[in-house]
Each structure stands twice: as structure tokens, then as C-alpha cells.
Amino acid sequence: HTPGQLSGGEQQRATIARSLINDPKIILADEPTGNLDSKNGAEIMATFDGLNREGRTIIIITHDLAVAEHARRILTLRDGQIVSDKINETFQESRTSPARATAE
């Protein structure tokens, strides 16, 4: 398949797979669910959760507060400056999710 023949979710999963080729310890993801419907977005987040459980650090940049709420730690940026650095009190350890930063 060419990229144009894949759905948005399939394209995102292919991108994640390519990023894993060199077995990185840290994965940086910029708006990985931004162009996806909620079902595909949930699948991508589940993929990141699994990678995190395997010991990889996942850093996600997102404007989506619902995505950010999946993280243990949330950094909020405004005009290129950190304005908030908090531990997510509602984080569910059994869900083990990546840390994410939000931009305003």
C-alpha cells in the first residue's frame, strides 16, 4: 500500500512502527491523535500505553486535554515557557500511560 491508500489510523500505526526500528528508549510524538476519529485515537493511545509498559518513555505534545489527562505528569506550555508542571492526581496506574505536554 502507498500512504494515500491507508486510513489515518493505519498511517499513524505505520509511523509508530517505523519509529521503533532502532528500538528507542524515548519516543516523541507531536499530536499523534490530532487528525484521527475517536476510535482510531483510542487505538493509538493504547499502542503508546503498551510501549510505555514495555519500558519506553513516551512524550506526547498535544492540545487535547483528554489525551493529556492520560499521563502521570502534565507540562503546560504557553508562549514557549513552562507555566505548569503537575503530577496527574487522577492517573490510573493500571493504565500506565505516557507523559505529555500541552501547548496553549
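Step through the residues of segment 29-36 one at a time and calculate ³J(HN,Hα) from phi using the Karplus curve (6.51 cos²θ - 1.76 cosθ + 1.60, θ = phi - 60°), rounding each to whole Hz and writing x for Gly and Pro.
10, 9, 6, x, 10, x, 10, 10
Where both partners of a DSSP beta bridge lie in segment 3-103, what percent of those bridges are antiparallel, to the nearest 5?
Of all bridge pairs located within segment 3-103, approximately 30 percent are antiparallel.
State the Cα centre-to-centre distance between segment 4-28 and segment 44-86 in whole Å.
Taking the Cα centre of each part, segment 4-28 and segment 44-86 sit 17 Å apart.
Which GluC sites (Glu not before Pro) in segment 1-94 pass both tests, a DSSP loop state and at most 16 other beta-carbon atoms within 10 Å?
Hits after loop and neighbour filter: E54, E69, E89.
Go through (i) 14.2; (ii) 17.8; (iii) 15.7 and flag the label whose value is the computed Kirkwood radius over Cα pairs in Å for this structure.
Computed from these coordinates, Kirkwood radius over Cα pairs in Å corresponds to label (i).
In the chain, if the dipole is taken from +1 on Lys/Arg beta carbons and -1 on Asp/Glu beta carbons about the Cα centre, which of N22, G50, A68 is farthest to the positive end?
Farthest along the dipole direction, towards plus: N22.
Tabulate in residue order the Karplus-calculated ³J(HN,Hα) for segment 75-82, using 6.51 cos²θ - 1.76 cosθ + 1.60 with θ = phi - 60°, rounded to whole Hz; enter x for Gly and Pro.
My calculation for segment 75-82 gives 9, 10, 10, 9, 6, x, 10, 6 Hz in order.
Read the figures in this text as sums done on the coordinates, not as results from a lab. Computed from a predicted structure; not experimentally measured. Reconstructed Cβ throughout: ideal geometry from the backbone, glycine too, with neighbour counts over all protein chains shown.
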